[in-house]
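The values are calculated or read from the model by the stated rules, or taken from the named source; none is laboratory data. Owing to the predicted nature of the structure, the values given are computational and were not obtained by experimental measurement. Ideal geometry is used to build each Cβ from the backbone, glycine not excepted, and the neighbour counts take in all protein chains shown. Protein only, heavy atoms only, side chains kept; ligands, DNA and RNA dropped before computing areas. Shrake-Rupley method; radii C 1.70, N 1.55, O 1.52, S 1.80 Å.
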Amino acid sequence: MDARRARASLRGWGGVATMAVLCALALAFVLLLPCTQRAPGEPGRAAPRVATGAQARADGCVDAEAHERTLAPAGADGPTIEAIRARTGAKRKLVVGVDQNSYRWGYRNPNTEGARLEGFDIDLAHRIAEDILGDRDAVQFKAIPTNQRIPAIQDRRVDMVVRTMTITCDRLRQVAFSAPYFRTGQQVLAPKSSAITGYDGSLAGKKVCTATGSTAYAKLDADRKAGRLPGSTDLSTTVPNQLDCLVRLQLGEVDAVVTDGALAASQAAQDPTVELKGEPFTTEYYGVAMKKDADDLVRRVNRVLVDYAANGWQKSYDDWLSATLGENPAASKPPAPRYLRGS
């Protein structure tokens with residue numbers, strides 16, 4: 001099969017399902033990582049729009065400000081970076097947890113030699129490896145499912161995770177984050193023919209799929225309990241990897257998917273029968289996640305991000321995301337970084 005026919009075969013429902021199978025095989029045989037109430041009003045009536053604010057936790061953390069709880073950038077080496085550099089031979093690489101089935105973010109492209117990983121997150125991982133080890137290819141990618149991002153860091157299976165991971169207060173209690181490198185928000189993805197109109201009363205009685213451990217599930221669960229989402233919305237379908245939700249949607253097993261709008265836009269580009277419904281109903285920021293005691297690595301990554309914002313971020317956006325998110329990336333650029341006082 002020539003390259004043009006191969007690309008064509010990957011479009012649409014069959015292509016995404018095929019890609020999901022390929023990803024599952026790659027995880028199983030190559031990477032070997034474990035995968036591990038009633039709203040006010042009758043169903044069908046529009047529910048109130050969801051507020052994006054959050055109460056301060058006991059430690060003073062507020063989700064809307066969580067992306068500011070990171071250390072100031074610095075270039076000095078420390079114990080974490082020294083340990084990475086001390087690796088010898090083929091093991092002298094930065095080990096990065098990524099996705100391999102998020103189109104245009106972290107995606108194993110079957111139409112390339114060796115089915116190489118590519119996408120916006122992959123570009124950033126190469127840039128960090130280049131800064132720390134002097135070689136952009138000195139990186140070992142480990143594909144990890146959504147629900148294994150934090151365990152992979154805590155168990156030291158990876159040095160960091162660059163995998164469309166939202167910075168939240170709960171996650172900050174378990175891992176450290178860099179400054180944000182991308183801004184997005186949760187959105188609803190559903191078939192074009194669906195009567196669902198967005199994150200509102202049209203989800204009453206509908207089955208919604210989310211990824212286990214995702215901010216999408218946490219938001220929907222909290223809103224349903226608080227009566228901001230119809231109590232009849234079925235949230236029982238959760239999956240290890242976000243792409244699995246799209247497959248469930250294509251098979252008719254669920255009515256909608258809720259995930260980051262940036263990811264949903266890429267999925268809609270893969271499958272022309274689905275579309276984003278309504279506007280984003282949260283504001284979230286992606287960050288690079290690392291072990292909590294890896295202060296030197298956090299500072300180093302933050303320094304890389306300062307340079308990357310000025311030289312590299314725009315090119316990567318143009319290469320991978322402009323086709324799905326638009327040529328003007330203003331809505332996706334994170335705010336100017338703010339760091340912890342005294343850091």
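One table, with the values for the structure above:
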quantity	calculated
Some residue of the range 192-201 being part of a helix (DSSP H, G or I), under 19 Å from L297 (Cβ atoms) and open to solvent by less than 30 Å² (accessible area, probe 1.4 Å)	no
Residues that are farther than 19 Å from A218 by Cβ, of a type outside the set (D, E) and assigned to a loop (DSSP other than H, G, I, E, B), drawn from the range 156-184	R156, R157, V158, V162, S178, A179, Y181
Contacts under 8 angstrom Cβ, first residue in the range 99-121 being over 22 Å from A262 (Cβ atoms), partner open to solvent by 60 Å² or more (accessible area, probe 1.4 Å) and assigned to a helix (DSSP H, G or I), 6 or more apart	P110/L22; N111/R7; A115/L22
Residue match in the range 91-111 (condition: small (G, A, S), at pLDDT 95 or above and within 18 Å of D137 (Cα to Cα))	yes
Residue list for the range 92-121, restricted to those being surrounded by fewer than 23 Cβ atoms within 10 Å (Cβ to Cβ), of a type in the set (A, V, I, L, M) and either in contact with a helix residue (DSSP H, G or I) (Cβ under 7 Å, 6 or more places away or on another chain) or not in a loop (DSSP other than H, G, I, E, B) (or both)	V95, L117
Of all residues making up the range 292-343, the number that are open to solvent by 50 Å² or more (accessible area, probe 1.4 Å) and of a type in the set (V, I, T)	1
